[in-house]
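See below for the structure under consideration.
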Number of protein chains: 4
Amino acid sequence: MINVGLIGFGYWGPNLARNISFNPDLELAAICDFSSDRLKAAKQHYPRVNLYKDLDDFFNDTALDAIAIATPVATHFKLAKKALLTGRHVWLEKPMTETVPQAEELIELAEQKNKVLLVDHTFVYTGEVRKIKEVIDKGELGDMIYYDSTRVNLGLFQQDINVVWDLAPHDISIMDYLMPFKKIEVSATGSHYYGNGIVPKSLLTIYMENNTIAHINVSWVSPVKIRQTLIGGSSKMILYDDNQPSEKIKIYDKGVVLGHTMEELYRLKVQYRVGDMYAPKIDDQEALALESSHFADCIINGKKPLTDGKAGLEVVKVLVAAEKSLKLKGAPVQLA
Amino acid sequence: MINVGLIGFGYWGPNLARNISFNPDLELAAICDFSSDRLKAAKQHYPRVNLYKDLDDFFNDTALDAIAIATPVATHFKLAKKALLTGRHVWLEKPMTETVPQAEELIELAEQKNKVLLVDHTFVYTGEVRKIKEVIDKGELGDMIYYDSTRVNLGLFQQDINVVWDLAPHDISIMDYLMPFKKIEVSATGSHYYGNGIVPKSLLTIYMENNTIAHINVSWVSPVKIRQTLIGGSSKMILYDDNQPSEKIKIYDKGVVLGHTMEELYRLKVQYRVGDMYAPKIDDQEALALESSHFADCIINGKKPLTDGKAGLEVVKVLVAAEKSLKLKGAPVQLA
Amino acid sequence: MINVGLIGFGYWGPNLARNISFNPDLELAAICDFSSDRLKAAKQHYPRVNLYKDLDDFFNDTALDAIAIATPVATHFKLAKKALLTGRHVWLEKPMTETVPQAEELIELAEQKNKVLLVDHTFVYTGEVRKIKEVIDKGELGDMIYYDSTRVNLGLFQQDINVVWDLAPHDISIMDYLMPFKKIEVSATGSHYYGNGIVPKSLLTIYMENNTIAHINVSWVSPVKIRQTLIGGSSKMILYDDNQPSEKIKIYDKGVVLGHTMEELYRLKVQYRVGDMYAPKIDDQEALALESSHFADCIINGKKPLTDGKAGLEVVKVLVAAEKSLKLKGAPVQLA
Amino acid sequence: MINVGLIGFGYWGPNLARNISFNPDLELAAICDFSSDRLKAAKQHYPRVNLYKDLDDFFNDTALDAIAIATPVATHFKLAKKALLTGRHVWLEKPMTETVPQAEELIELAEQKNKVLLVDHTFVYTGEVRKIKEVIDKGELGDMIYYDSTRVNLGLFQQDINVVWDLAPHDISIMDYLMPFKKIEVSATGSHYYGNGIVPKSLLTIYMENNTIAHINVSWVSPVKIRQTLIGGSSKMILYDDNQPSEKIKIYDKGVVLGHTMEELYRLKVQYRVGDMYAPKIDDQEALALESSHFADCIINGKKPLTDGKAGLEVVKVLVAAEKSLKLKGAPVQLA
């Protein structure tokens, strides 16, 4: 049994606690939070778990084999570093860190200490994204052309970060999993409507190798919740609408056909094939349950997580570049 | 009765022909097209109308008081200029022209000749856009914050222009009508997937005065048709979904509330008000029918069209800047 | 060329006129209507067609080879009989007649006179219904179990008939085409809310051989338009939603599996198979255009219409039984 | 603190357990189930609660003040009777009993013993139904005309009861709460497709005073889940679509206007008013949480439950009549 300590019992922490406590290989052994109210809530749900208000006391709990970190991004690096240095496996919320060097340091440290470092890109573990991956890997979509996602809702403003850091990690991690292409440049636009320096609405473009491209629209100021992702291939295209009660994945037999002879190219003709649509059956296991099992499996069997430090780093690179481009009003920023 | 001659009986021309012929003040007097097939089709529907294959013959038809131009954008300037120079009122398809100076020249010419120059921004005449305008003018939305539109479908590639020139004029003209703010800079991104130099998918950001902003997502390579426009105000927000069979306009009593004292600003708190939604009844008159009546009214009573040359120029300015920004991978381009 | 005369230029007649006039084998030769206003409208669209206000004059027009009847149901029998007796082919609106003997007399007369008698069950000619028929005929659905349709909207009250006569013919004719089983009994319920003797909302159940069953919900007093038809088979099931802009037909790989051994039956276990869904591409030709071609083909080549008098009679039998059952508050009424 | 014992930890019992355990006035003190597996699951979630496999032992637990019964309907009467006879308050699953006399006996017994008898008509406690009630009580809908509900999905067959007993109680209880009119007769139709004596799909009509009427369509054999309820009034009409992620209640300013003079009635004209729609904000508190508080409040303060034995009896009366009508193929059955 792997003893897991959780830092942060705010919005997302309770979901981790529940999934850890239900996993047969993991034991929720401790919870740490600065807020007395949150600790009281934790006690009501998990009366036998050790509760800590002080971080040092928490880290000194020698029973803990692994540490799950569900705190604001500004604290990720420090907490994850300490966890690794004290010999614990780490489950780290997204986005992994605030800077690229921080992410690189954590990756190196996890390797040195031979510990599992899982970055919580939850969507990668959903039945929907795994089904899309399966369809792409079978070659059904042909050559990958684009990823285009709208992820907007009326959300509480984060006080310390732009919307890009809050919502875009979902799409960047999904895209990186489905279309693991080299990313070249990032353009991001948005505006500080409210005069508080925070961008609540933004458009990202990620330029990748082979002329593939990603467009991501994120917003906290939409009157309605939209979760629509279009994925375009040369043979088929997908609509992934996470807001539907069923049939969240629709695969369209619609593609663009290009002529390849000189004359054809000269005429620039593009023809369309239009055919059937199908909506595959989706595994409805909770993503966090699968991710918890995967975390335990990586610890027990020395495996590399699907969403490891490198996956986390890819997301951080894009966020950092997007932040720069935002200040340049959309001018492209190169990815290292 | 105003005699109207129509140039171009391709995709859009037949809609103009039908609406002109049903208008009590307009008479469809002549149709000109280069294609014998299209002229044959025109004859079947309008057996009594004069048909021309030759432009000079058409322009020499002295019966014509007004000329409607429904041809590719590259021909707009030349045809509209000739129409004005020969003393006709002009109904010109969007986008108005290929360049800013061309648009400016047509505006000046129309004034000199004292002729009506209507640019066909059809959406401005829909019941939906007029209802939104009415709601905004009443002040229901509070201060205008953003316009965000997704206008994508699987469309035939235009051979001579990027998707921006084809689809974005709809949104730019709608936005300019609803939020007539000074536009400052434009950022546009996209990619040439198919190696033919044409961008089939693009994201635009228009920076406007008062930190207001517009995001426009246009695409010919989406497996599904999406027509979603979000319009955000400080008091209420609107979802305009043109793809719904009914309730296309939904007005949400959802807004962001900002604190205004120093301490409040310091804490950067943003609170949300969430309330009811309502979907107003929409006038279902065909937009082109209303636009035709308006064209006739302008001619008869010497009025200025709602969508005049200046409105057309606003759209052209944005398109020209977007085209430049596309080549710069999103770097912002100033509007003159 | 077959010369067609049309009686009735009200709500549906103009659609027939348009499709007849566009068909290469049919010529719209005459239109008859009691209303001067309707005749004026007819003249505007079809300036060369003979217009009649008097029925006798219309029937005496010896140029007419076929007569299309788009008038209230109470007049169908008399007009269709006269048309057949005067040697014309007949296109007759649904429902065919008010009584079963009337329908039988028209069928017999058409056979005697060797004339085509087509009953206008338009939905049978839609791409959607033809696609469902194709899927059923391939055996994809397995054994047919049920048909269940909701066809409701806010409609103007007919002054002379219950909603059953207005809306149910669509579903009865679709079902009869897809599931041509022997119909045994009919139960119908509804209420006279408005004290005017007219039932604006009704539920029908049609009991058929092999325990198959149809449920039809029709209403003129629904705030929203719903057009949902569920078709259940032992292997797959269909949702046909005519109100969707696309993907109107969805075929679900969901079926009920029954055990067949004694023990299995004893335990009464029913298992479900749940799988993928697909939405086939639908031919989008206008139903009336296809129906017009079919009418011409039947006349020219002496064929039997897909929706002939016998198909019309099946619908009338159900309507007459439903009317009786309505008065008995749902008690079942046998079909002759 | 009120100690509650729960019988049945199958499909619905765990929801009751959770809501009882979170309520500040209720204490989940004991769980009884025949299945060792279910008791094991109960222990995992509620380690401190007394678990019973034997009913007598459970009833002998003198700590229990109230008993919640979440077992098959066939056991409701016996268990609820014993609970009342042993002096406990009762929370009873719907439908209340199998027969009308059983329901009447429980009502009488609860009164004699002065105990609370709450029948779990959960939907009555949802934000949606409470909002509709509020709108109706304010008179917004005018005179109530009809209730029409479609409640279908692909469900596991119950082995002992028809679909009517499983799904219709939801609609009968909602309707009885919203439109508390005298019910007069019931007609029900359906078929035994699968030869096992169970009706998996049925249509109900309930005739009520003042010509008001209810239509209820229930099915376990639909490929898709539909939860659509239309409620018609003389001034406005409601669509309650429980399958939508948001805007579940839409209130349409659409109504039928009847003439009231002799001449108007003679002409049988019915006019429609069509206006705006609005979707009110809905309280999203979990229905069972509210219902649990209400149960505690009734016990503590001697109040009558909103869904008391009489409400339960109304539902049983309709179910019993529907069962009879089903055997008569829809012939109407009087309600006592």
Given the structure, is B:Asp166 touching a strand residue (DSSP E or B) at 6+ places or on another chain (Cβ under 9 Å) and at pLDDT 95 or above? no
Report every pair of residues separated by at least 6 positions or lying on different chains whose Cβ atoms are under 8 Å apart, first residue within the range D:46-68 and within 12 Å of D:Arg88 (Cα to Cα), second basic (Lys, Arg). D:Phe59/D:Lys82; D:Leu64/D:Arg88; D:Asp65/D:Arg88; D:Ala66/D:Arg88; D:Ile67/D:Arg88
What about C:Gly87, is it in contact (Cβ under 8 Å) with a residue 40 or more places away in the chain and either away from every other protein chain (no Cβ under 14 Å) or within 30 Å of D:Ser219 (Cα to Cα) (or both)? no
Residues of the range B:111-164 being within 18 Å of the chain's Cα centre (by Cα), within 14 Å of chain A (Cβ to nearest Cβ) and assigned to a helix (DSSP H, G or I), in sequence order, are B:Ile132, B:Val163, B:Val164
If A:Met175 meets every condition in (1) at pLDDT 95 or above; (2) open to solvent by 10 Å² or more (accessible area, probe 1.4 Å) apart from one, which number is that one? (2)
So, in the range C:253-289, how many residues would count as being modelled with pLDDT of 90 or more, among the acidic types (Asp, Glu) and either more than 24 Å from C:Thr126 (Cα to Cα) or assigned to a strand (DSSP E or B) (or both)? 2
For C:Phe181: the one exception among (1) out of contact with any strand residue (DSSP E or B) (no Cβ under 9 Å at 6 or more places or on another chain); (2) more than 11 Å from chain D (Cβ to nearest Cβ); (3) open to solvent by 10 Å² or more (accessible area, probe 1.4 Å): (1)
Any idea which residue in the range B:184-198 is surrounded by the fewest Cβ atoms within 10 Å (Cβ to Cβ), counting only those that are at pLDDT below 95 and touching a Leu at 6+ places or on another chain (Cβ under 9 Å)? B:Gly197
Please list, ordered by first then second residue, the pairs with beta carbon atoms under 8 Å, 6 or more apart or interchain, first in the range D:313-336 and facing chain C (nearest Cβ under 10 Å), second outside any loop (DSSP other than H, G, I, E, B) and open to solvent by 30 Å² or more (accessible area, probe 1.4 Å). D:Val333/D:Lys324
Do we find a residue being at pLDDT below 95 and touching a Gly at 6+ places or on another chain (Cβ under 7 Å) anywhere in the range D:116-130? no
Within the range A:209-225, of all residues that are surrounded by 22 or more Cβ atoms within 10 Å (Cβ to Cβ) and within 19 Å of the chain's Cα centre (by Cα), the one modelled with the lowest pLDDT is A:Trp220
For residues that are at the interface with chain C (Cβ under 8 Å from one of its Cβ atoms) and either farther than 24 Å from C:Lys329 by Cα or in contact with a Gly (Cβ under 8 Å, 6 or more places away or on another chain) (or both), tally how many sit in the range D:212-227. 6
Take the range A:43-85 and flag every residue that is open to solvent by 70 Å² or more (accessible area, probe 1.4 Å) and under 22 Å from A:Glu111 (Cβ atoms). A:Lys78, A:Lys82, A:Leu85
For C:Val90, are the conditions met, namely being modelled with pLDDT of 95 or more, touching a Pro at 6+ places or on another chain (Cβ under 9 Å) and surrounded by 20 or more Cβ atoms within 10 Å (Cβ to Cβ)? no
Name the pairs whose Cβ atoms lie under 9 Å apart, with the first residue in the range C:126-152 and farther than 22 Å from D:Ser219 by Cα, the second aromatic (Phe, Trp, Tyr) and open to solvent by less than 10 Å² (accessible area, probe 1.4 Å), and 6 or more positions between them or separate chains? C:Glu128/C:Tyr240; C:Val129/C:Tyr240
Write out, first by first residue and then by second, each pair whose Cβ atoms fall under 6 Å of each other, whose residues are 6+ apart or on separate chains, and whose first residue, in the range D:228-256, is more than 7 Å from every other protein chain (Cβ to nearest Cβ) and without any contact (Cβ under 8 Å) to a residue 40 or more places away in the chain while the second is surrounded by fewer than 23 Cβ atoms within 10 Å (Cβ to Cβ) and part of a strand (DSSP E or B). D:Asp241/D:Gln228; D:Lys250/D:Leu239; D:Lys250/D:Ala279; D:Asp253/D:Gly275; D:Asp253/D:Asp276
Matching entry among D:Glu108, D:Glu98 (being away from every other protein chain (no Cβ under 14 Å), open to solvent by 10 Å² or more (accessible area, probe 1.4 Å) and under 27 Å from D:Phe9 (Cα atoms)): D:Glu98
Contact list please: Cβ distance under 8 Å, first residue in the range C:281-303 and within 14 Å of chain A (Cβ to nearest Cβ), second residue open to solvent by less than 40 Å² (accessible area, probe 1.4 Å), pairs at least six apart or on different chains. C:Lys281/A:Gly275; C:Ile282/C:Gly127; C:Ile282/C:Glu128; C:Ile282/C:Ile249; C:Asp283/C:Gly127; C:Asp284/C:Gly127
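The values are calculated or read from the model by the stated rules, or taken from the named source; none is laboratory data. Everything quoted here is computed from the prediction, not taken from an experiment. Every residue, glycine as well, gets a Cβ built from its backbone with ideal geometry; the counts of neighbours run over all protein chains shown. Note: accessible area is taken over every heavy atom of the protein model, side chains too, but ligands, DNA and RNA are not part of it. Shrake-Rupley method; radii C 1.70, N 1.55, O 1.52, S 1.80 Å.
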